[in-house]
Every structure is written in structure tokens, then in C-alpha cells.
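Read through the structure below, which is laid out as C-alpha cells, and then see the notes.
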Amino acid sequence: MSGEFEHLVAEFERFRAGIRTADERFAGLGAMQQQLAALRASAASPDGGVTVVTGPGGAVLDVRFTEAALAKGPQALSATLLATLREAVGEAARRQAVLVEEHLGDDLGLVEQVLETQAAAFGTTVEELRSKLPGDQPQAEDFSEQRVLRPAGPPPAPPAAGPSPGDRFLRSLFDEED
């Protein structure tokens, strides 16, 4: 076999390996969609008087008040509700980002983007929010450093200068006159 042909076979095998990697990476999309649909996050006010439950996209699914919370008056109840809502919606967004990253990889740095955005919006630190991330979730295989269609290493050396035997053969097929 000529070096050029071996080079083409190697390229084809790398391409096939990339396709297999992509197939494996995206095979869990149905499971991810189910996990996202079932996602629930809840937050309670520090005194336990207000509880908010959210779902995917931060959709508010339930709000509960205790009698003590209702007795505090409208301004205090409103402030407590907004703070608890913000915490529950933030928790839902962080969990969503973790789920997506577990299934699709960290190519976009989605969790970090969410943490940075929330830290700025909530006036806290990324580290504080990171401590609230679910830690008991299974970690998906990390594909973030792998390429799908191109090899991660340097490109293979081009064939030696001048036409290869394969090149000469192919040209001879087309150069012949009928």
C-alpha cells in the first residue's frame, strides 16, 4: 500500500471514530429531556415562612406560606417571597445547566456562565453558588477535550512532494484518450 493510501485510510478511520464519539455523546438526549422535564428545585425563606418550588426554566410550580409569614404584613411578605423566588429560580437554572453539561459536555462552559451571571445578579460569589450545585449527581464522561470531526492532535504530514504511485495511476486512467 502506498503512503498516501494509508494516510487516506487513517483519515477515514479517524472520521469514523469521530462519528462514533458524536453518536455516543448525543445518545442520551432523550434521557436528558426526561430529566429536565422532571427537574424540581425548591427554596425556603430563612424563617421557613415561605417556600417556593420551581421546575424547568424556572417555572413557578408552587408557593406556600405559613400563618406566621402572612402575619408579617404585605411589604415583609413581598420581600420574603421575592428573595425566595429568586433562590428557587436560581437553583433550577443551576440544576438545568448541570444536567445539560453532563449530557453534552463542557464545550460551552454552561455551568460557569450560569454561575457568573447569577453571582453578578444576586450580589454573591461564584464559589458560594458553586457550593449549592448538586454534588451527588453521577458525572457523565467528559468529551470536552475531544474533537468530533477533526483529530485533536496535529494534522498528519502531507505525502512526499511529487505524484505518488496512486496519483500516477489515477491520472493514467483519465489521461488516456478514447
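Annotations for the structure displayed:
- Across segment 15-37, the number of residues qualifying as open to solvent by less than 70 Å² (accessible area, probe 1.4 Å), of a type outside the set (D, E, K, R) and part of a helix (DSSP H, G or I) comes to 11.
- Of all residues in segment 74-97, those that are of a type in the set (A, V, I, L, M) and either surrounded by 17 or more Cβ atoms within 10 Å (Cβ to Cβ) or in contact with an Asp or Glu (Cβ under 7 Å, 6 or more places away or on another chain) (or both) total 8.
- Scope segment 1-14; condition open to solvent by less than 70 Å² (accessible area, probe 1.4 Å) and either touching a helix residue (DSSP H, G or I) at 6+ places or on another chain (Cβ under 9 Å) or among the small types (Gly, Ala, Ser) (or both); matching residues: SER2, GLY3, GLU4, ALA10
- Filtering segment 39-61 to residues that are under 22 Å from VAL114 (Cβ atoms), assigned to a strand (DSSP E or B) and among the aliphatic types (A, V, I, L, M) leaves ALA41, ALA43, ALA44, VAL52, VAL53, VAL60, LEU61.
- VAL50 closer than 23 Å to SER131 by Cβ and of a type in the set (Val, Ile, Thr): yes
- Residue in segment 53-60 that is open to solvent by 70 Å² or more (accessible area, probe 1.4 Å) and more than 27 Å from the chain's Cα centre (by Cα) present: no
- The set of residues in segment 88-135 that are in a loop (DSSP other than H, G, I, E, B) and of a type outside the set (Gly, Ala, Ser) comprises ASP106, ASP107, LEU108, THR124, THR125, LYS132, LEU133, PRO134.
- Residue pairs meeting the criteria (Cβ under 6 Å; at least 6 apart or on separate chains; first of a type in the set (Asp, Glu), in segment 94-107; second surrounded by fewer than 18 Cβ atoms within 10 Å (Cβ to Cβ)): GLU101/LEU110; GLU102/ALA140; ASP106/SER144; ASP107/SER144
Conditions tested, residue by residue: (1) on the phi > 0 side of the Ramachandran plot; (2) of a type in the set (Gly, Ala, Ser).
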{"residue": "ARG40", "(1), (2)": "no, no"}
{"residue": "ALA43", "(1), (2)": "no, yes"}
{"residue": "GLY57", "(1), (2)": "yes, yes"}
{"residue": "GLU67", "(1), (2)": "no, no"}
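- Residue match in segment 46-68 (condition: hydroxyl-bearing (Ser, Thr, Tyr) and in contact with a Leu (Cβ under 7 Å, 6 or more places away or on another chain)): yes
- Residue within segment 62-74 that is farther than 20 Å from THR117 by Cα, in a helix (DSSP H, G or I) and of a type in the set (Gly, Ala, Ser) present: yes
The values are calculated or read from the model by the stated rules, or taken from the named source; none is laboratory data. Please read all numbers here as calculations on a predicted model, not as lab measurements. So basically every Cβ, Gly included, is an ideal-geometry build from the backbone, and we count neighbours across all protein chains shown. Quick note on the areas: whole protein, heavy atoms, side chains included, nothing else; ligands and nucleic acids left out. Shrake-Rupley method; radii C 1.70, N 1.55, O 1.52, S 1.80 Å.
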